[in-house]
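Quick notes on the structure that follows.
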């Protein structure tokens, strides 16, 4: 059987890095790890082809080759997935859809023949048998959460590595915390499950054999959710990286209680973790209590960030406005915290009620839900009635973005970030990095509207933080993405504030 596996296109988001990828000569941030894992679960005799629509167009000839088409993705990929499913149906192909989008029961997948909800490991073998027999059922749901120690090595060789700026490895699924707005605990559970150290080293080794060098994202929603197992993994990771002369620079996502564990931070530094994304959300204590993010109340937020930075690990941060308990000055407090914490890459979004979360259930009971979330909280789009005046909330959100991604503000924050970083090893240099620097100097240094602030930043970084000059160039290049993304977001926000469309009646307010 020929199976075509399709990864739909991402819109322009915080995580897409769409505007900075051309500097590296790349087309997408990460390969479709979920589909590569599903491929490894399918019968070995099946012929498989992966098309990542973020890397190349999906052609009619791809459909003509296939017996069945598998789709996977998140809610934010829904519009692209809907169009691709329709095309497959027009070519007479059966379609299977999985991934987080199915847990949300998104209407974008309504045309699919077979829907798979839940983690693939417990479902795919039975689905494959049913497809071969011509007896596939319309709906499959995982009976239980799988044991990750039995997950096979993803078929990494199916992905052409060159178009991507980073590779992806998954160590764990699930999170022990109870954040009201989060759908991770609803999909993957509150008992974090992990792969064995041997599995992770096998994935590292395979990427190394395939010739990958550079950034590697451990894509766990909370890498330290199971601290006991992480501490068992880390010595193996440190040794592998040292034995292979540090071919990768690692980054991941974690909860703020990482700052409570100096031993773990030390091991992460030894293994060449260079960045971590933290869900900080808000400096407003009442809002943290409202969303049951108690782990962020155990210590001083600002000091926790600075401590992590002192281990040479750059902090990226997630922030939210729109909580019921947000005071009128929440916008200025968010700006002040981001500035004082020196977090260049700050993802600030409006609160959104994702399907089947605790927040979604509460707002539904209160009669405040308005529509399905589009899955992108950095759009100026509300899917519920907030306690704060809507225009005040949108105007405040716009004010945050205008401030933190003003080029002068961003570059000053980036300089402060470099100053906060403790001693850290230089990142592995790859050809795309050299190209990126040359393109940055040409485009940002000579042609951009913010070139004056760009040169000030680079000169000061060279004078005071020469040991972090590689990181300075990376931050400058990423800044271009956020400047462009912010301009688009603000344009949409202003149309709402000026009453160009009614956010409660016109879903097009949020854009395509």
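The values are calculated or read from the model by the stated rules, or taken from the named source; none is laboratory data. The structure presented is a predicted model; accordingly, all values stated were derived computationally and were not measured. We place every Cβ from the backbone using ideal geometry, glycine too, and count neighbours over all the protein chains shown.
Some values worked out for this structure:
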quantity: In region 472-491, the residues that are in contact with a helix residue (DSSP H, G or I) (Cβ under 8 Å, 6 or more places away or on another chain) and at pLDDT below 95; calculated: 489, 490
quantity: Count of residues meeting criterion [part of a loop (DSSP other than H, G, I, E, B), surrounded by 15 or more Cβ atoms within 10 Å (Cβ to Cβ) and without any contact (Cβ under 8 Å) to a residue 60 or more places away in the chain] in region 360-377; calculated: 2
quantity: Helices (runs of 4 or more DSSP H) fully within region 400-468 counting 1 or more residues that are under 30 Å from residue 208 (Cα atoms) and at pLDDT 95 or above; calculated: 407-420, 431-442
quantity: Residue list for region 63-82, filter: in a helix (DSSP H, G or I) and either buried (at least 21 other Cβ atoms within 10 Å of the Cβ) or in contact with a helix residue (DSSP H, G or I) (Cβ under 9 Å, 6 or more places away or on another chain) (or both); calculated: 63, 75, 76, 77, 78, 79, 80, 81, 82
quantity: Positions within region 133-187 being without any contact (Cβ under 8 Å) to a residue 40 or more places away in the chain and not in a loop (DSSP other than H, G, I, E, B), in sequence order; calculated: 133, 139, 140, 141, 150, 184, 185
quantity: Residue identified as in contact with a helix residue (DSSP H, G or I) (Cβ under 8 Å, 6 or more places away or on another chain), under 19 Å from residue 15 (Cβ atoms) and at pLDDT 95 or above among 210, 258, 216; calculated: 216
quantity: In region 281-293, residue farthest from the chain's Cα centre (by Cα) [restricted to those that are assigned to a helix (DSSP H, G or I) and in contact (Cβ under 8 Å) with a residue 24 or more places away in the chain]; calculated: 286
quantity: Index of the failed condition, residue 268 passing every other in (1) crowded, with 20+ Cβ neighbours inside 10 Å; (2) more than 23 Å from residue 300 (Cα to Cα); calculated: (2)
quantity: Condition met for residue 23 (closer than 22 Å to residue 432 by Cβ, out of contact with any strand residue (DSSP E or B) (no Cβ under 6 Å at 6 or more places or on another chain) and in a helix (DSSP H, G or I)); calculated: yes
quantity: Single residue of 238, 276 found to be crowded, with 23+ Cβ neighbours inside 10 Å, under 18 Å from residue 423 (Cα atoms) and either touching a helix residue (DSSP H, G or I) at 6+ places or on another chain (Cβ under 8 Å) or touching a residue at least 24 places away in the same chain (Cβ under 8 Å) (or both); calculated: 276
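For (1) out of contact with any helix residue (DSSP H, G or I) (no Cβ under 7 Å at 6 or more places or on another chain); (2) touching a residue at least 40 places away in the same chain (Cβ under 8 Å); (3) surrounded by fewer than 18 Cβ atoms within 10 Å (Cβ to Cβ); (4) in the same structural domain as residue 373 (by TED's automatic domain parsing), each residue gets a yes or a no:
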{"site": "50", "(1), (2), (3), (4)": "no, yes, no, no"}
{"site": "58", "(1), (2), (3), (4)": "no, yes, no, no"}
{"site": "90", "(1), (2), (3), (4)": "yes, no, yes, no"}
{"site": "95", "(1), (2), (3), (4)": "no, no, no, no"}
{"site": "103", "(1), (2), (3), (4)": "no, yes, no, no"}
{"site": "112", "(1), (2), (3), (4)": "no, yes, no, no"}
{"site": "121", "(1), (2), (3), (4)": "no, yes, no, no"}
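Quick grid of which residues meet (1) surrounded by fewer than 16 Cβ atoms within 10 Å (Cβ to Cβ); (2) under 30 Å from residue 432 (Cβ atoms); (3) over 20 Å from the mean Cα position of the chain (by Cα):
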position: 125; (1), (2), (3): yes, no, yes
position: 129; (1), (2), (3): yes, no, yes
position: 146; (1), (2), (3): no, no, yes
position: 169; (1), (2), (3): no, yes, no
position: 189; (1), (2), (3): no, no, no
